[in-house]
Amino acid sequence: MLLELVETEKMEQPEQEQRKSREENAIVLDFLPNGYPFESRQGQVSTPIVQALGKEHLILLELVPKKEIKLQPNEEVYIGEGKRDQIHHINGKLLPDKLTSTAKAELEFVITELVKKNEQRFLEFFNKAQPLSTRMHSIELIPGMGKKRMWEILDERKGKPFESFADFKKRVKLLPDPEKAIIKRVLEEITTEQKHYLFVQR
């Protein structure tokens, strides 16, 4: 039955352009005015570091601010190709195990705010999620949503798309809170290695 679903949804799904991995804006997780303590050497001038999360692709990034710039956690900064007021350059992607304790504490809060402020973007996952194979559907990767609940979601969205998380909870009974489940999955994708990535571009 899932094989039929794979073939049907493949035909229904329009061709999509390749996603660009470049981030335009990022949310500050931590600002280290003196850089990393474990990397500083006597006699060397330390470089300030910003640990941040890209808003679009949810990529962990290491940034270098411009001189005299001071930033706060949860502050949004522009990192696109245009004129940057606060960020001098991007060092590159940041490994999860390099996050400071402050950044780790801020991460869940920042993700929660992003999901709440972009409800339609994350709700679209439930409206358009596709099978990963003949045996596994991407909905099953969301914490608390197994095969039985996956079929309930697919049956409900056939009638009409979910309009909000509240609408989702009203129409699909006895399921985990979809918003909290999405937040948990995003956190897992950012902080641990996954076979499949639904929301984070690595």
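What follows is calculated from the coordinates using simple rules that are stated; it is not laboratory data. All of these numbers come straight from a predicted model, not from anything done at the bench. Virtual Cβ from ideal backbone geometry, glycine too; neighbours counted across all protein chains shown.
Rank PHE38, PRO96, LEU60 by how far each Cα sits towards the positive end of the charge dipole of the stretch 25-100 (+1 on Lys, Arg Cβ; -1 on Asp, Glu Cβ) and give me just the farthest.
Ranked along the dipole, the leading option is PHE38.
At a 10 Å Cβ-Cβ cut-off, how would you order VAL50, VAL64, VAL28, VAL200, fewest neighbours first?
With the fewest neighbours first, VAL50, VAL64, VAL28, VAL200 line up as VAL64, VAL200, VAL28, VAL50.
Report the FRET efficiency, 1/(1 + (r/R0)^6), for PHE38 and SER133, where r is their Cβ-Cβ distance and R0 is 41 Å, rounded to 0.05.
0.45
So how much slack lies between ASN91 and LYS180, counting 0.36 nm per residue of separation and subtracting their Cα-Cα distance, in nm? Intermediate results must be reported in sequence, preceding the final value.
Working: separation 89, 0.36 × 89 = 32.04 nm, distance 3.16 nm.
Result: 28.9 nm gained on full extension.
Using the Kirkwood radius over Cα pairs, work out the Stokes-Einstein diffusion coefficient for the stretch 34-144 at 25 °C and 0.890 mPa s, in µm²/s as a whole number.
Estimated via Stokes-Einstein, D reaches 148 µm²/s.
Multiplying the sequence separation of GLU124 and LYS98 by 0.36 nm and subtracting their Cα-Cα distance, what value in nm do you get?
The span from GLU124 to LYS98 would gain 6.2 nm if fully extended.
About the Cα centre, and with charges only on the beta carbon of Lys, Arg (+1) and Asp, Glu (-1), how big is the dipole of the chain? Nearest 20 debye, please. It would help to have the intermediate numbers written out before the result.
Numbers: 34 positive and 34 negative charges, 47 e Å.
About 220 debye.
Please report the base-10 log of the normalised intensity I(q)/I(0) for the stretch 118-191, using a Debye sum with one equal scatterer per alpha carbon and no solvent, at each q in 0.14, 0.18 (1/Å).
-0.39, -0.67
Show me the GluC sites (Glu not before Pro) within the stretch 87-171 that DSSP assigns to loop and that have at most 15 other Cβ atoms within 10 Å of their Cβ.
In loop regions of the stretch 87-171 (DSSP not H, G, I, E or B), the sparsely surrounded GluC sites (Glu not before Pro) are GLU163.
With a Cα-only, solvent-free Debye model of the chain, what are the log10 I(q)/I(0) values at q = 0.08, 0.09, 0.15 Å⁻¹?
Here the Debye-derived log intensity ratios amount to -0.34, -0.42, -0.96.
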